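**Q** Mind having a look at this structure? Questions to follow.
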């Protein structure tokens, strides 16, 4: 492992693309219309972290669905999300230039997300950003999802970068906690949550609304 190598690790949803409302609406429809959960929209949003399977277990209990049923429901939800979101699919403002600048400075980059590959590929390939990425860690690649550090530690390992030389970009408290547990500093996008929701974490460098704000690479390491 080269001690001088540095890396940016990006969460995907709400961090590279601003799509969390589309995920919430897709879950709301399936949970209430198809599965009779009778949850409010805010309750659905509060459950939206970790793997799809974990969300279903949190709401319905451990043995309510078979593994096959969970897989089917997960794919059905993602197909609904992709159909609704595709006309709006775009990188968060300024991210295209930020990725290019990081590449010019030879900073390694990876995605570390609780999304399934079906969704990650939908974003990465439709937006043509795969060439920036040295690794992708999805829900299928880890045993324990965020706030466990496994997602980001595995991304660092794949990039051959020391965790202390990784900066995580996140939009959710559970993701920031995952980065903290991995020993990594974090830049928070305020696309989904308010600044005060991150007050318990000591690894936040600063908050930005998008990547058009002046983020100097030298101030991150």
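The values are calculated or read from the model by the stated rules, or taken from the named source; none is laboratory data. None of the values given here were measured: they were computed from a predicted structure. Don't worry about glycine lacking a Cβ; one is built from the backbone with ideal geometry, like all the others, and counts go over all protein chains shown.
**Q** For region 78-93, give me each residue that is over 17 Å from the mean Cα position of the chain (by Cα) and surrounded by 16 or more Cβ atoms within 10 Å (Cβ to Cβ).
**A** Of everything in region 78-93, those that are over 17 Å from the mean Cα position of the chain (by Cα) and surrounded by 16 or more Cβ atoms within 10 Å (Cβ to Cβ) turn out to be 80, 84.
**Q** Here's another thing I want to ask about it. Quick one: how many residues across region 57-96 are outside any helix (DSSP H, G or I) and under 19 Å from residue 127 (Cβ atoms)?
**A** 6
**Q** Taking residue 54 and the conditions (1) part of a helix (DSSP H, G or I); (2) surrounded by 13 or more Cβ atoms within 10 Å (Cβ to Cβ); (3) free of Cβ contacts under 8 Å to residues at least 60 places away in the same chain; (4) not assigned by TED's automatic domain parsing to the domain that holds residue 186, which numbered condition does it fall short on, given that it satisfies the others?
**A** Evaluating residue 54 over (1) part of a helix (DSSP H, G or I); (2) surrounded by 13 or more Cβ atoms within 10 Å (Cβ to Cβ); (3) free of Cβ contacts under 8 Å to residues at least 60 places away in the same chain; (4) not assigned by TED's automatic domain parsing to the domain that holds residue 186 leaves (3) as the failure.
**Q** Exactly one condition in (1) within 19 Å of residue 136 (Cβ to Cβ); (2) surrounded by fewer than 17 Cβ atoms within 10 Å (Cβ to Cβ) is not met by residue 36; state its number.
**A** Going through the list (1) within 19 Å of residue 136 (Cβ to Cβ); (2) surrounded by fewer than 17 Cβ atoms within 10 Å (Cβ to Cβ), residue 36 breaks only (1).
**Q** Another question, then. Restricting to region 133-160, name every residue that is within 28 Å of residue 195 (Cβ to Cβ) and touching a residue at least 60 places away in the same chain (Cβ under 8 Å).
**A** Selection gives 139, 145, 146, 152, 155, 156.
**Q** On to the next question. Residue 28 versus (1) surrounded by fewer than 16 Cβ atoms within 10 Å (Cβ to Cβ); (2) part of a helix (DSSP H, G or I): which is the lone unmet condition?
**A** (1)
**Q** Still on this model: Tell me, which helices (runs of 4 or more DSSP H) lie completely within region 103-218 with 2 or more residues that are surrounded by fewer than 15 Cβ atoms within 10 Å (Cβ to Cβ), more than 15 Å from the chain's Cα centre (by Cα) and outside the structural domain of residue 72 (by TED's automatic domain parsing)?
**A** The helices (runs of 4 or more DSSP H) meeting that bar are 117-126.
**Q** Residue under question is residue 70, and the condition is that it be buried (at least 16 other Cβ atoms within 10 Å of the Cβ), more than 17 Å from residue 14 (Cα to Cα) and either touching a strand residue (DSSP E or B) at 6+ places or on another chain (Cβ under 9 Å) or free of Cβ contacts under 8 Å to residues at least 12 places away in the same chain (or both); does it hold?
**A** Spelling it out, it is not the case that residue 70 is buried (at least 16 other Cβ atoms within 10 Å of the Cβ), more than 17 Å from residue 14 (Cα to Cα) and either touching a strand residue (DSSP E or B) at 6+ places or on another chain (Cβ under 9 Å) or free of Cβ contacts under 8 Å to residues at least 12 places away in the same chain (or both).
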